[in-house]
Each structure stands twice: as C-alpha cells, then as structure tokens.
1. Looking at (1) over 15 Å from the mean Cα position of the chain (by Cα); (2) farther than 15 Å from ASP176 by Cα, which is the only condition PHE105 fails?
2. Could you give every pair whose Cβ atoms fall below 9 Å, whose first residue belongs to the stretch 193-220 and is outside any strand (DSSP E or B), and whose second residue is among the charged types (D, E, K, R) and open to solvent by 50 Å² or more (accessible area, probe 1.4 Å), counting only separations of at least 6 or pairs across chains?
3. Taking LYS181 as meeting all but one of (1) more than 21 Å from GLY112 (Cβ to Cβ); (2) open to solvent by 10 Å² or more (accessible area, probe 1.4 Å), write down the number of the exception.
4. For ILE66, state whether it is surrounded by 14 or more Cβ atoms within 10 Å (Cβ to Cβ), within 17 Å of ARG37 (Cα to Cα) and touching a residue at least 40 places away in the same chain (Cβ under 8 Å).
5. Just checking, how many residues over the stretch 39-59 are in contact with an Asp or Glu (Cβ under 8 Å, 6 or more places away or on another chain) and either outside any loop (DSSP other than H, G, I, E, B) or open to solvent by less than 50 Å² (accessible area, probe 1.4 Å) (or both)?
6. Return a yes/no flag: does the stretch 164-187 have any residue that is assigned to a strand (DSSP E or B) and at pLDDT below 95.
7. Mind listing just one residue for me: the one in the stretch 104-115 that is over 29 Å from GLY56 (Cα atoms) and at pLDDT 95 or above and, of those, surrounded by the fewest Cβ atoms within 10 Å (Cβ to Cβ)?
8. Given the conditions (1) surrounded by fewer than 16 Cβ atoms within 10 Å (Cβ to Cβ); (2) assigned to a loop (DSSP other than H, G, I, E, B); (3) small (Gly, Ala, Ser), and given that SER136 satisfies all but one, which numbered condition is not satisfied?
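The values are calculated or read from the model by the stated rules, or taken from the named source; none is laboratory data. Worth saying up front: this structure is predicted, and the values here are computed from it rather than measured. Using ideal geometry, Cβ is built from the backbone for each residue, glycine included, and neighbour counts are taken over all protein chains shown. Please note that ligands, DNA and RNA were not included when accessible areas were found on the heavy atoms of the full protein model with its side chains. Shrake-Rupley method; radii C 1.70, N 1.55, O 1.52, S 1.80 Å.
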Amino acid sequence: MAEHTVRLVCFANSRKPNGRCVAGKVFAGSNKGRWVRPVNLINGGSLSSLDRRYKGGAEPAILDVIDIVLTKRCNHDYQPENYQINKDVYWSLVEEISSSQALTFLDPPSMGLWGTNHGSSGRGMNDRVPENLAPSYGSSLRLILVSDLKIRVATEGAAFGESRRSVRGSFTYEGDYYTLKITDPEIEEFYTAGDDSVDDVGKAMLCVSLGELLNGFAYKLSAGIVPL
C-alpha cells in the first residue's frame, strides 16, 4: 500500500500502555464509515504524544476531523483496522463535527459486541473474548448508542491494600448487559477527581474497542464516550 492521507472522525483517544490508542472512521468518500486505528509499530502499536499531536502541539479530541498520513496496513490477529503512521508528519485538524453528525457513523446494532458467552472478568460483565476466538469476529471496534450508561468510580482493590481507583461503565446493548473498563482519559480524569460514586449518565455514544491481550483474553474497553 502506498503512503496516503486519510481523513478520519476521531472517536477515541484512549489510554493504553506506553501511550494512546486513537481510532476513527473515514469521514467521506467511497470508504466513509470504515474504521481506522493509526498505530506506531516502533512503540508496540501505541501512539506517543509526538506521534499524535497537531502542528501547534494540541491533542486530538473526540469528534475532531483529522488528516493523518499512513504508510501501510499492519498485520494483527484481530485488529484489522490498524495502519502504520508516518511518524515524521504532523496530524492536521480539519474541523470538528457535532454529536448529531457523529450519530450518522453508528455501527449497525446487528454487529453486536463480540458475543456474550465468553465469561467475564472479576469486576466486569461480558467484557472479554478468548484469544483464539477474537480473530473470528473480523473487527475490533464498534460505535454504539446506549440509553442507560452508568459510570462508577471505585477503589476496587481496597480490600487488598490497593489504592488505585478504577472507572467502569455499565450499560445495556441489544438486550445484553455490559460492564467495561473506561480508558477515555478525559472521562477518567473527571470522575477520579471526585469521590467514589455511581453517575447515572443515561444516553451516550460509545466507542468500544477490543484491547491488547491479557492472560489469554482480549478485553472490551469503553475507549471513547460522548454523553448526549
């Protein structure tokens, strides 16, 4: 694949080890709505602050329309959306779209969220997919609309002497209930600044991602959240 520029609507700028995971959908043209996850293989796929910044130094935000130069499609067992960036070229902010415009990019509900028969983590619900089954779904990103999002911040390991607080989101989608770890840094920062609590957010648009493997599972993450 030749080096080329892709114009994306950003739906996630998510925290991950060693950097961020940015994901978006092609903004217009024959490939409109196709998912793209820009990565830097030199950094294990994570994007550093230098990789993802605009020329003026600003950070990409959810609902930004961005021009990014890509060099090749990456080989990944279950993340076919991954493309290597040209790390020497700044990203360009084109415009920002409204939440109502963003809703036109929702994925069909029939795509689901990678099944609900794979068990759950200790503090999640329907939040993981076994490593051997993840490739069978053919994609690792979803943009969905929910009506009953609840965000909970808690010190989950307090009983074991752990002090780090976690932020999780619970919601119903297509009749199934999910509790997923939130990796949207703006949402995390907002909720961890206050006391442990549960916030009844209600209607929201979520970018859900199958993250990197951990102990034989790919975990479903709420990587980007837009309350509506």
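1. Among (1) over 15 Å from the mean Cα position of the chain (by Cα); (2) farther than 15 Å from ASP176 by Cα, PHE105 violates only (1).
2. If the second residue must be among the charged types (D, E, K, R) and open to solvent by 50 Å² or more (accessible area, probe 1.4 Å), the pairs left are ASP196/ARG152; ASP196/ARG165; GLY216/GLU131.
3. Of the numbered conditions (1) more than 21 Å from GLY112 (Cβ to Cβ); (2) open to solvent by 10 Å² or more (accessible area, probe 1.4 Å), the odd one out for LYS181 is (1).
4. Values: surrounded by 14 or more Cβ atoms within 10 Å (Cβ to Cβ): yes; within 17 Å of ARG37 (Cα to Cα): yes; touching a residue at least 40 places away in the same chain (Cβ under 8 Å): yes.
Criteria met by ILE66.
5. So in the stretch 39-59, the residues in contact with an Asp or Glu (Cβ under 8 Å, 6 or more places away or on another chain) come out as 40, 43, 45, 49, 52-53.
Then drop every residue that is not either outside any loop (DSSP other than H, G, I, E, B) or open to solvent by less than 50 Å² (accessible area, probe 1.4 Å) (or both), which leaves 40, 43, 45, 49, 52.
Looking only at that region, the number is 5.
6. Residues of the stretch 164-187 that are assigned to a strand (DSSP E or B), as a first pass: 166-173, 176-182.
From what is left, the residues that are at pLDDT below 95 are 166.
The answer is yes; a qualifying residue exists.
7. Initially, the stretch 104-115 is screened for residues over 29 Å from GLY56 (Cα atoms), giving 104, 106-115.
Now drop any that are not at pLDDT 95 or above, which leaves 104, 106-108, 113-114.
Working: THR104: 11, LEU106: 14, ASP107: 19, PRO108: 8, LEU113: 22, TRP114: 22.
For the stretch 104-115, the residue satisfying everything is PRO108.
8. Here SER136 clears every test but (2).
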